[in-house]
Amino acid sequence: MLYTIFNDQLSVTISLKGAELKSIQKDQVEYLHDGNPKYWGRTAPYLFPNIGVILDGKTKFGDEYYPLTKHGFIRDQVFTLKEQKDNFISLTFKATTDTLKLYPFDFVFEVSYELKKDTLHSQIQITNLSGQVMPFNLGLHPAFKVPLFEDEKFEDYQIIFSQMQSFKVPSVLGNGTIDPTKIAREYTKLKVLPLKYEDYENDALIFDNIKSKAVYLFNDQTKKGVKFSFKDFKTLGIWTPNHINSPFICIEPWLGWADEHNSNHDFNEKKDLIKLDPNKSFVTTYKIQIL
C-alpha cells in the first residue's frame, strides 16, 4: 500500500513495504528511480541489520548460525501506519517470529518523513526490546533519477562532496565481499565526481571514513538535482548497475559495509557496528533537498 504526503512544493510517496520512498516530485518532475526491474526493482530501501553480502549467506550470533541475505531483511517487511498528516507520516515495524529466525533480537524499527519547504526530512529510530545488547549495521540506498530530463544524458551530472578528501577505494570481489587491502582506485583531493558508467564496472565505489556529511547531485548547466545530507554515517557507497546503462545513481550512506573476504562469520566483528543496549533507542536523521 502507498501513502502520499505533500506541501506547496513537494509530493512524496511511501510504501508500507520497507517504509520505502517510491517518489519525490517537485513541479511534476520526478527525482527518484521508478523501480523499473529492467534496471533495478527498488527505489530507496533501508539496509538492516546488515549491509551488502554476508559471506556464504550465514552469520554467527554467539554459537548459532543464522541465514542473512544481502542488505538484510527490513526492506522486505510490511510496516504499519502509525500517524499521517498532510506533510508528515510515520511507519513502524516490530520484529516477528520470522525475523527472529534470521536475526535473534526483538526490536522496533520506526521511520518518519516530514516535508518542510523544498526538503524531505526523515528520522529512523531503532529500539532494542531484546533484553541483550543488539548489534546491527544500517544503510540508506536511495536511487536518484539521472538524467532528470529527456534532453540530458547521465554524463551531464556530477556529485559534489561538501568537503574535499582523498580516498583509497577498496575492491569489491566477485562474490560481493570487500577486500580493503586491495585498492580499486585512488582519488586525491576529491571534490567533484563526474558521472561515468565505466566507474561502476566493478560494483560500487566505496568512500570510507568520509568527512562530507552532505553531497550534491546535479547537472552543472541547469543546477537541477538534489542535496543529500546524512550527518551520522561513516561510509558512502555510490552505485549504478554495471551490466546496463541505468537511468539512476544510488548514493548510499552506510554505518558498516559488506562482509570482508576473510570473514570468520562472527556478526559481532563486522565493521562500524551499532551495539544498542536493552531498552535503548538509536536515532538518526537524513535530509533530501530538491534544488
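The values are calculated or read from the model by the stated rules, or taken from the named source; none is laboratory data. What you are looking at is a predicted structure, and each value in this text was computed from that prediction instead of being measured. No Cβ is skipped: glycine too gets one built from the backbone with ideal geometry, and neighbour counts run over all protein chains shown.
When the residues of the stretch 72-109 are filtered to those that are among the charged types (D, E, K, R) and surrounded by 15 or more Cβ atoms within 10 Å (Cβ to Cβ), the one that is farthest from the chain's Cα centre (by Cα) is D106. The test for being assigned to a strand (DSSP E or B) and either in contact with a helix residue (DSSP H, G or I) (Cβ under 9 Å, 6 or more places away or on another chain) or not basic (K, R) (or both) holds for I89. Among the residues of the stretch 114-128, are any surrounded by fewer than 15 Cβ atoms within 10 Å (Cβ to Cβ) and without any contact (Cβ under 8 Å) to a residue 12 or more places away in the chain? Checked against the condition, which is being surrounded by fewer than 15 Cβ atoms within 10 Å (Cβ to Cβ) and without any contact (Cβ under 8 Å) to a residue 12 or more places away in the chain, the stretch 114-128 yields no hits at all. Quick one: in the stretch 183-213, of everything that is charged (D, E, K, R), surrounded by 12 or more Cβ atoms within 10 Å (Cβ to Cβ) and closer than 30 Å to N264 by Cβ, which residue is modelled with the highest pLDDT? Step by step, filter the stretch 183-213, then rank; the result is D208.
Results for (1) within 15 Å of K223 (Cα to Cα); (2) among the polar types (S, T, N, Q); (3) touching a helix residue (DSSP H, G or I) at 6+ places or on another chain (Cβ under 7 Å), shown as yes or no for each residue.
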{"position": "S122", "(1), (2), (3)": "no, yes, no"}
{"position": "S130", "(1), (2), (3)": "no, yes, no"}
{"position": "V133", "(1), (2), (3)": "no, no, no"}
{"position": "G139", "(1), (2), (3)": "no, no, no"}
{"position": "A143", "(1), (2), (3)": "no, no, no"}
{"position": "F149", "(1), (2), (3)": "yes, no, no"}
{"position": "E152", "(1), (2), (3)": "yes, no, no"}
{"position": "Y157", "(1), (2), (3)": "yes, no, no"}
{"position": "I160", "(1), (2), (3)": "yes, no, no"}
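Only one of the numbered conditions (1) surrounded by fewer than 17 Cβ atoms within 10 Å (Cβ to Cβ); (2) among the β-branched types (V, I, T); (3) in a strand (DSSP E or B) is violated by T69, and that is (3).
Scan the stretch 129-172 for residues that are of a type in the set (D, E) and surrounded by 14 or more Cβ atoms within 10 Å (Cβ to Cβ) and report the count. Here the count works out to 2.
Here's the yes/no breakdown for (1) within 29 Å of K94 (Cα to Cα); (2) in contact with a Lys or Arg (Cβ under 9 Å, 6 or more places away or on another chain); (3) among the aromatic types (F, W, Y); (4) at pLDDT 95 or above:
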site	(1), (2), (3), (4)
V215	no, yes, no, yes
I238	no, no, no, yes
C250	yes, no, no, yes
D277	yes, no, no, yes
Y286	yes, yes, yes, yes
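Return yes when F233 is under 18 Å from the mean Cα position of the chain (by Cα), assigned to a strand (DSSP E or B), within 30 Å of L55 (Cβ to Cβ) and in contact (Cβ under 8 Å) with a residue 60 or more places away in the chain and no when it is not. Answer is no for this residue. The strands (runs of 3 or more DSSP E) found entirely in the stretch 99-210 that carry 3 or more residues being closer than 30 Å to I5 by Cβ are 107-116, 119-128, 138-140, 143-145, 157-172. Checked against (1) outside any loop (DSSP other than H, G, I, E, B); (2) surrounded by 20 or more Cβ atoms within 10 Å (Cβ to Cβ), A258 passes all but condition (1). Of the residues making up the stretch 261-291, those that are part of a loop (DSSP other than H, G, I, E, B) and at negative phi are H261, N262, S263, N264, K270, K271, L273, D277, P278, K280, L291. Here L47, L55, L16 are screened, and the one residue that is among the aliphatic types (A, V, I, L, M) and under 15 Å from the mean Cα position of the chain (by Cα) is L47. Among residues of the stretch 262-289 being more than 18 Å from the chain's Cα centre (by Cα) and buried (at least 18 other Cβ atoms within 10 Å of the Cβ), the one that is farthest from D56 (Cα to Cα) is L276. Could you list, in sequence order, the residues of the stretch 12-57 that are of a type in the set (D, E), assigned to a loop (DSSP other than H, G, I, E, B), in contact with a Lys or Arg (Cβ under 8 Å, 6 or more places away or on another chain) and closer than 21 Å to F149 by Cβ? The answer is D34, and nothing else. Checking the structure you have, find out if any residue of the stretch 58-65 is hydroxyl-bearing (S, T, Y) and in a loop (DSSP other than H, G, I, E, B). No: the stretch 58-65 contains no residue that is hydroxyl-bearing (S, T, Y) and in a loop (DSSP other than H, G, I, E, B).
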